[in-house]
Amino acid sequence: MNQILILFAHPAMQKSRINRILIAPMQEHTAVTFHDLYAAYPEFDIDVQHEQRLLTEHDIIIMHHPMFWYSTPAILKEWQDLVLQHGWAYGSSASALRGKRFLNVLTTGGGEQAYSKAGLVGNTVRELLVPIERTAILCGMHYLPPFVVHGTLNMSDVDATRHAEDYQRMILAMRDDEIEWSKIADCHRINENLDDVLTRNGGSQNA
Ligand SMILES: Cc1cc2nc3c(=O)[nH]c(=O)nc-3n(C[C@H](O)[C@H](O)[C@H](O)COP(=O)(O)O)c2cc1C
């Protein structure tokens, strides 16, 4: 069973609608650690040793966040700057993160069409995430395509709940190795066609 760490970052949960729905089922699963960074560090006083210990104890690392200014909320940048230390996360003798899998789970206000060459944004989400991809690779991790929920601004609660179910299916399948890891690499986003990459309909729905 893979151990999964979700580094969750939303600086204004009192205003959140979509991420609130996405994370609701996520906090109760065996081998899944849900870690709310803004709740843990409201003053950005990140406990580096604790974060490094958490990383060491998990096989799959997820950064879950809304897209803010084509990037992540600020605490995830601070977290990278402080936690991913030279000699521990990267450098010739560093091996703490080597071989772990990494992905982003994110929500965007803009629709999927906007995140294309011809769209309003002009870049794909995958392109915008390149600094994080390079960081994960420098640390020796396997970078996976993101799980993206587009178009949150006009999204109904019903659709958000459907995405939450997909998110949960993906997490459980990753935990239980019921996912075709080699197929995932070709996806634009993992949840583009989730059924195609899950080997047993998303794994068990039970914790
Ligand atoms: C400060 C800020 C910056 C944002 N920047 C972007 C952006 O660059 N691209 C985008 O598609 N949506 C952007 N949004 C919209 C958020 O991504 C969207 O509100 C969020 O995904 C919805 O999730 P929530 O209901 O959990 O807050 C931004 C929102 C805020 C508040």
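Is it the case that LEU128 is open to solvent by less than 30 Å² (accessible area, probe 1.4 Å), in contact (Cβ under 8 Å) with a residue 40 or more places away in the chain and of a type outside the set (Lys, Arg)? Explain how you work it out, then say what you get.
On the way: open to solvent by less than 30 Å² (accessible area, probe 1.4 Å): no; in contact (Cβ under 8 Å) with a residue 40 or more places away in the chain: yes; of a type outside the set (Lys, Arg): yes.
In short, no.
Just need a number here: residues in segment 180-194 that are under 21 Å from ILE23 (Cα atoms) and either touching a Leu at 6+ places or on another chain (Cβ under 6 Å) or not hydrophobic (A, V, I, L, M, F, W, C) (or both).
Initial filter on segment 180-194 (under 21 Å from ILE23 (Cα atoms)): 189-194.
If we keep only those that are either touching a Leu at 6+ places or on another chain (Cβ under 6 Å) or not hydrophobic (A, V, I, L, M, F, W, C) (or both) too, we end up with 189, 191-193.
Within segment 180-194, residues that are under 21 Å from ILE23 (Cα atoms) and either touching a Leu at 6+ places or on another chain (Cβ under 6 Å) or not hydrophobic (A, V, I, L, M, F, W, C) (or both) number 4.
Mind telling me which of the residues PHE34, PHE44 ends up being at pLDDT 95 or above, of a type outside the set (Lys, Arg) and away from the ligand (no atom under 16 Å from the Cβ)?
Values: PHE34 fails: away from the ligand (no atom under 16 Å from the Cβ).
That would be PHE44, the only listed residue that is at pLDDT 95 or above, of a type outside the set (Lys, Arg) and away from the ligand (no atom under 16 Å from the Cβ).
Determine, yes or no, whether ILE23 is of a type in the set (A, V, I, L, M), more than 21 Å from MET170 (Cα to Cα) and modelled with pLDDT of 95 or more. So that I can check it myself, show each step before the final result.
Numbers: of a type in the set (A, V, I, L, M): yes; more than 21 Å from MET170 (Cα to Cα): no; modelled with pLDDT of 95 or more: yes.
So ILE23 fails the test.
What residue, of ARG169, ARG175, is within 17 Å of the chain's Cα centre (by Cα), at pLDDT 95 or above and open to solvent by 30 Å² or more (accessible area, probe 1.4 Å)? Even if it seems obvious, please write down each step before you answer.
Numbers: ARG175 fails: open to solvent by 30 Å² or more (accessible area, probe 1.4 Å).
Going through ARG169, ARG175 in turn, just one is within 17 Å of the chain's Cα centre (by Cα), at pLDDT 95 or above and open to solvent by 30 Å² or more (accessible area, probe 1.4 Å): ARG169.
Considering only segment 123-166, state which residues are among the polar types (S, T, N, Q) and either within 13 Å of the chain's Cα centre (by Cα) or away from the ligand (no atom under 15 Å from the Cβ) (or both). I'd like the intermediate steps shown before the answer.
In the first step, residues of segment 123-166 are kept if they are among the polar types (S, T, N, Q); the result is 123-124, 135, 152, 154, 156, 161.
Within segment 123-166, THR135 is the sole residue that qualifies.
The values are calculated or read from the model by the stated rules, or taken from the named source; none is laboratory data. On a predicted model such as this, the values are computed, not experimentally measured, just so you know. We place every Cβ from the backbone using ideal geometry, glycine too, and count neighbours over all the protein chains shown. Heavy atoms of the whole protein, side chains included, go into the accessibility calculation; ligands, DNA and RNA do not. Shrake-Rupley method; radii C 1.70, N 1.55, O 1.52, S 1.80 Å.
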